[in-house]
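The values are calculated or read from the model by the stated rules, or taken from the named source; none is laboratory data. Keep in mind that what you see is a predicted model, and the values were worked out from it rather than measured. Here the Cβ is made from the backbone with ideal geometry for all residues, glycine too, and neighbour counts use every protein chain on show. For the accessible areas, the whole protein counts, side chains as well, though only heavy atoms, and no ligand, DNA or RNA atoms are used. Shrake-Rupley method; radii C 1.70, N 1.55, O 1.52, S 1.80 Å.
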Amino acid sequence: STATSDDALSQAKLLAAQHKCIVAVSGKVDFVTDGTQVVAVHNGVPMLTLVTAAGCSVTALIAAFVAVAPHQALLATAHALAAFGVAAEASCGGAPAGPGSLRVGLLDELHKGLFSGACLGANLQLL
C-alpha cells in the first residue's frame, strides 16, 4: 500500500469509537487508539514489512500485554508495539543485513528484553 499510518488514523479512531475497542495501525509510526485517546509509537525498522509473520507475532505480543493489564488495554497495546519495535531496532543496530537476519535477531532480542523486564528505548507519545 502507498498509504501511511497517518492516513488511516481518522478511520481507526472512528472504528474504535463505534465498536468500543482498541485499534492499532502499524506503519513508520504505529498508532493506537480507543477512539478518543491516541498513542503514537516511534519504534521499529522499515524492513519489518519484509519479515514473514511479523504482524502475527506482534499481535500475539499485544494479546499477552493486554492479558496482563486488561483495564489499561490502550497503554498495554502501545507498550507491546514499542517492545517489538525496540527489539527490531536492537537486533540490527538500525541497519539489518536482510529480512532473514532481522527475523532471527528479533526473536533473540524479544527473548532478552521481555525476560529481563527491560524495554529501554521505547518512544511513546500521547497525542
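When the criteria are applied in full, A60 fails the requirement of being more than 21 Å from V104 (Cβ to Cβ) and in a helix (DSSP H, G or I).
Among the residues of region 91-127, those that are at pLDDT 75 or above, farther than 15 Å from V58 by Cα and open to solvent by 90 Å² or more (accessible area, probe 1.4 Å) comprise A97, K112, L126, L127. Every listed requirement among (1) modelled with pLDDT under 95; (2) more than 13 Å from the chain's Cα centre (by Cα); (3) among the small types (G, A, S) is met by G85 save one, (2).
Table: residues versus (1) open to solvent by 70 Å² or more (accessible area, probe 1.4 Å); (2) among the small types (G, A, S).
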{"position": "S5", "(1), (2)": "no, yes"}
{"position": "V23", "(1), (2)": "no, no"}
{"position": "K28", "(1), (2)": "yes, no"}
{"position": "F31", "(1), (2)": "no, no"}
{"position": "C56", "(1), (2)": "yes, no"}
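Might you let me know whether region 68-80 holds any residue that is touching a Cys at 6+ places or on another chain (Cβ under 6 Å) and either farther than 27 Å from T33 by Cα or not basic (K, R) (or both)? Taking every residue of region 68-80 in turn, none turns out to be touching a Cys at 6+ places or on another chain (Cβ under 6 Å) and either farther than 27 Å from T33 by Cα or not basic (K, R) (or both).
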